[in-house]
Structure formats: structure tokens, C-alpha cells
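K.L.:
Take this structure first; my questions come after.
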């Protein structure tokens, strides 16, 4: 318990929860699931402790990332911007092109076996065009 009688949450868990809320609401809006959400739908979607979620929703409202009306929460302009940034950061590795998705004249994939392709073996530099590994 904290000094005011409320439940004390690990600060890292609280921060992750705020990230998850912003990312989820950004994604939900982008996928057409609606502009707003209530605590119940966010709890089931994010599989978080409900009291942690409620506490973090209140903090996000106080900080200007969310707007609350009648128990429903909506991203503010700041929240949409930050949610989009966090979503992009979280999933950036999944958005890279894979072998075969390049244009036909890609200098990195032309004549390169799949296991040596810079797109299929992240972290490796491509071989100069016209050379073999």
C-alpha cells in the first residue's frame, strides 16, 4: 500500500501499462474498432490488472494523453502522436522488407542466396553489388 491507502504498483509495470494503453488505443483507432474505449474493453484486450489499468488511465488523462467522458477514454492529439510513435517503435522490426519483397533490381538481393540476404539476416551488411559472400 502507498501513503494514501491505494495499491502501490511497480514503476516499471506502470510505465509499461501506459505504453500499452497508448499503443492499443492507437491501433484500435487505426483498425476501425472505434475512437474510444472503456476500462472493461481495455482490461480484456491488454490482459492487465484492472486496478493498475484504472490508475494509469487516470494518469494519462491528467498528463493530457487521453480525454475521459462518461467512463470512456479517447486519445487526445498528444496521445495519438505519442501512441503512434510508441506503436511504430514497438513494431519497427516487423515492418522491414523480407527477401523477395524488394523491387526486381534491388542491388542487395540480386543473386544473393536467401540465408545471405541483408533483409533475411538482419544486422549483416550487404555484400557489395557484384560480389559473393
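Since every read-out is calculated from the coordinates, none of them should be taken as a lab result. It should be emphasised that the depicted structure is a prediction, and the values quoted were computed from it without experimental measurement. Note that each Cβ is placed from the backbone with ideal geometry, even for glycine, and that neighbours are counted across all protein chains shown.
K.L.:
Taking a point 7 angstrom from the Cα of residue 44 along the C-beta vector, which residues in the range 54-71 have backbone N less than 19 Å away?
P.N.:
Those under the cut-off are 54, 71.
K.L.:
Could you tell me whether the range 11-94 comes out rounded, prolate or oblate from its Cα gyration tensor? Rule is a ≥ b ≥ c as square roots of the eigenvalues, rounded for a/c under 1.5, then prolate if a/b exceeds b/c, otherwise oblate. Please list the in-between numbers first.
P.N.:
Numbers: a/c = 1.35, a/b = 1.17, b/c = 1.15.
Verdict is rounded for the range 11-94.
K.L.:
Express in nm, to one decimal, how much length is gained between residue 59 and residue 90 on full extension, taking 0.36 nm for each residue of separation and deducting their alpha carbon distance. Please report the intermediate quantities before stating the final value.
P.N.:
On the way: separation 31, 0.36 × 31 = 11.16 nm, distance 2.17 nm.
Taking 0.36 nm per residue and subtracting the Cα distance, the gain is 9.0 nm.
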